[in-house]
Each structure stands twice: as structure tokens, then as C-alpha cells.
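Since the structure comes first, as C-alpha cells, the remarks are kept for the end.
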Amino acid sequence: MLTSMYRHNSRIASRWMNRVRLMSQSVENPKTAIILLNMGGPTTTDQVPDYLLRIMTDRDMIQLPVQSKLGPWIASRRSEEVKKKYMEIGGGSPIYKWTDLQGRLLTKALDQMLPESAPHKHYIAFRYVPPFTEEALNAVEKDGVKRAIIFSQYPQYSCATTGSSLNAIADFYKDRSLPKIKFSLIERWATNINLAKVFAEMIKDKLQLFDEKIRDQVLIMFTAHSLPLKAVSRGDTYPHEVAASVSATMAQLSVPNPHRLVWQSKVGPLPWLQPYTDDAIKAYAKQGIKHMILVPIAFVNEHIETLHELDIEYCDEVAKEAGITQIERASAPNDHPIFIAAMADVVAKHINDGPSVSKQFLSRCPHCVSQRCKFSKEFYKKLCSTDYNQPELAAKI
Ligand code: FES
């Protein structure tokens, strides 16, 4: 069943890739590749079963008992319900559209800021839907770039998200020789000042919608994808990096409003990081707090968790039932100019004087016993220390 599902969906994926190629950016002889990592989301409901299957069988993302059987079973059981959700937000996820636009705007900005590494070209490497990591890496090699910057689009690092995408790159090169490209890695950028500024702008836009008399009492509720407590106890840095983004945003916002960080999108029966966003809305309503803004602090573009879970399930259904008077949801950064400036700032600093791979990335969670993580860290140490453009350095490795 698994094989036929993959076969059927790979036909869909291949049709999709043809569309992607037609849409892809045409840059003559790019010198620097910017590889944008993200999970991706189904562009059509046909992609939902394969998308769920890939998530549920990815042990970096989620660990289930007898995963090879339970994962496909959960994926197939949830497919219809998830397809329905995508239909309710217009038939698919906009994540490809936003990532592609962000990539175009980012490389345009970089071409102006850094003529010596231009032309820059972006490549999208999604984990669970096309264009997949391997498609992006094949394209990077085919284009003959001199330098490739792997740039995570999850600003806050987690071994389950960015870690999983990076493991997919390590898997790709497991049985093949490394190309003559200088690779480097930006795996986290949670406290970039422009990132904090764009979230602050998004909140200010929504604060304006509240009556002036109560505006400074509106509760600002930052919400991020939750994480299993098992991963938190292992030492995953995600919770404190999300908290750092919240603090940086509040510092830019400079308003007296109260704020909290809550967690959404839990799956399965095991305990995850709390309080959950929907429970928090209900609990605050009981405390008499009836004006609030939800801020998706860990998503750089709109997708199902913002458009369906926050907008439809929480702002509409949960808030109505709890008797909330007014609830707004801050937009994701998408193509906001300050967000593009944040991306460009992160990449330019990295190109100018960043380490090719950070010591923080090369360290492991205190309770990590995964051989896969161990292999991956060693792989990146090698991948990012080889500079074929400086043969004297490469010769020493
Ligand atoms: Fe975090 Fe292995 S689980 S480094």
C-alpha cells in the first residue's frame, strides 16, 4: 500500500515539478545559491496523502511506536479530514507561493547589497512536498554555482524541523561525492532585529482595530507550533528560541500591553509543550479577558496553521464559544518589506563575516542518543569547511 501510494503521488509530484520548473526564476550563471529550507505544504489536495505520509514516517519530526506501520495508518486515516481543511482555505497551502516570492525579493536585494557574490539565485527545498530537497540540490549542482548558503526558513531552530531538513541534505550526499561548491549554513535567526520589527509592525496593525479606550489592555498572545515534552526534555533549543523572538518583538513594540507565549498544533496522545492556544483563549475568557491578538511568531508565511487553525478554529469557533468580544490575528510576515530586509540582513551578515557553520549547530542536545544526529553534525562540519574556491584551504582538509 505504501509503495503504490508513493508511486501515485510521485506522478503528481512530477507533474507539479514541471509546473515549478516553468515558474522557476531564470538567473543566468548564478554565482551564489540561497537554498531556502522549509516543511512545505500541499498546493493541491491531491498532495495531502503523500504529505501526511512523509511527515508521519519522518522520525526526525515525530517518533511513534512501530512507526513504519502506525505512521502510514495515521496518515491515511487523517487524509480526508486534512483535505477538507485545505479546501476551506482555498484548495491548498500558499507556502510555495510565499517562499518563492520571498526568494525572488531576497536575491534581488542581495544582488544590490553584495555585487561581488551576485548573481544570487534562490532554490526551494521542501521536506514533505515538492520541490523536495534533492530537486533543489540537483538544480544547485547543475547551475554550477560557486557558493551555496543553506538558509532555514524556521527562524527558531528545532531538531524536529530545521534538523530534519538538514538531515535530508546529509542523506542526499551519503552515497555521492560532494560537489565543488563552498557550502555554509544559517540554521537560526530568532532574534534578528528586522524580524522582531516586522512582527511588531504586524501587531501594531491589529492593535489599531481595537477601541482606543481599551487598546493598551489587549492581550498579545504569541503562538507557536508545540513540541513533544520528550523533545523538550532531550534539550531541544526551540522553546527558548521562540521565547527569545517574543522578547525581541516586545522590545521593538514598546507598548504596555500584557503578553503570553502559548503553543498550538499538538498531535497524538503524548504530552506536548503547554499551555495550548485554544485552552488559553478559553481560560482567559473565564478570567474576564475578552480582547486579544494572536501572533504566529514561528511562521514566516501563511499556511494551514495560521489560515485554518488560528483563523477558522480559534478566532472563529473557539473564541465565539468562549464569549471573546474581539480577537484579531496578526498576519505572517509574507512579503512585507521589513521581512525581506530581515532575510537580506541575515544572509549578508553571514556572507560578510559569519562562520560557515556555527558551533551552536555542531553541538548536540544533552540527552541526544541519535546516531543520525551524530552523523549529521559530522557531515556539516566537513561540508561547510571545504572551500573549493580557495584550493589551499581545501587541500588541508
Ligand atoms: Fe537534538 Fe539529536 S535530538 S541533536
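The values are calculated or read from the model by the stated rules, or taken from the named source; none is laboratory data. Note that the structure is predicted; figures quoted are calculated from it, not measured. Note: ideal-geometry Cβ built from the backbone for every residue, glycine included; neighbour counts use all protein chains shown. Surface areas here come from the heavy atoms of the whole protein model, side chains and all, with no ligands, DNA or RNA. Shrake-Rupley method; radii C 1.70, N 1.55, O 1.52, S 1.80 Å.
With K and R counted +1 and D and E -1, the other residues having a Cβ less than 12 Å from that of Lys85 yield a net charge of -4. In terms of distances greater than 26 angstrom between alpha carbons, the cross-link table entries Lys31/Lys381; Lys69/Lys381; Lys69/Lys230; Lys266/Lys286 yield Lys69/Lys381.
Could you give the length gained by full extension between Ser76 and Lys359, i.e. 0.36 nm per residue of separation minus their alpha carbon distance, to one decimal place?
Values: separation 283, 0.36 × 283 = 101.88 nm, distance 4.00 nm.
That pair, Ser76 and Lys359, stretches by 97.9 nm at full extension.
Model label points for Phe375 and Asn29, set 7 angstrom from Cα along the Cα-to-Cβ axis, are 3.9 nm apart. The tail of the calculated P(r) for region 113-175, taken as Cα-Cα distances beyond 13 Å, holds 67 percent of the pairs.
Would you compute, from DSSP H runs of 4+ residues alone, the mean residue ellipticity of the chain at 222 nm, taking -39500 (n - 2.57) per run and dividing by the full residue count, rounded to the nearest 500?
On the way: 15 runs with 185 residues, N = 397.
Rounded to the nearest 500, it is -14500 deg cm²/dmol.
Using every pair of distinct Cα positions in the chain, the Kirkwood expression returns a hydrodynamic radius of 22.0 angstrom.
Would you mind counting up the charge near Phe379? Only other residues with Cβ under 12 Å from its Cβ, with Lys and Arg at +1 and Asp and Glu at -1.
On the way: positive: Lys174, Arg372, Lys374, Lys377, Lys381, Lys382; negative: Asp171, Glu378.
Taking every other residue near Phe379 into account, the sum is +4.
Distances between placed amide hydrogens fall under 5 Å for His225 paired with Gln264, Ala298, all partners being 5 or more residues away or on another chain.
Extension gain for Lys142-Asp316 works out to 57.9 nm (0.36 nm per residue, less the C-alpha to C-alpha distance).
Please list 171-181, 45-55, 223-233 highest first by mean number of surrounding beta-carbon atoms within 10 Å per residue. Could the numbers behind the result be given before it?
Working: 171-181: 12.5, 45-55: 21.9, 223-233: 20.1.
Highest mean packing first, the order is 45-55, 223-233, 171-181.
Listed values for region 186-195 are Karplus-derived 3J(HN,Hα) couplings in whole Hz (6.51 cos²θ - 1.76 cosθ + 1.60, θ = phi - 60°), namely 10, 9, 7, 7, 5, 10, 4, 5, 6, 5, and x replaces Gly and Pro. Rolling a 1.4 Å probe over the protein heavy atoms of the chain, with every protein chain left in place, gives an accessible area that is 54 percent carbon and sulfur. Remark: region 245-253, residue by residue, has Karplus-estimated 3J(HN,Hα) of 5, 4, 4, 4, 5, 4, 5, 6, 6 Hz, where x stands for each Gly or Pro and the curve is 6.51 cos²θ - 1.76 cosθ + 1.60 at θ = phi - 60°.
Rounded to whole numbers, the Karplus 3J(HN,Hα) couplings from phi for region 328-336 are 10, 10, 5, 5, 6, x, 6, 9, 4 Hz, using 6.51 cos²θ - 1.76 cosθ + 1.60 with θ = phi - 60°, and x at Gly and Pro. Simple spin-label estimate for Asp216 and Thr191 gives 2.8 nm between the two label positions (7 Å along the Cα-to-Cβ direction from each Cα). Solvent-accessible surface of the chain, taken per residue with a 1.4 Å probe and all protein chains present: 45 Å².
Extending 7 Å from the Cα toward the beta-carbon at both Val255 and Arg176 defines two label points whose distance is 4.9 nm.
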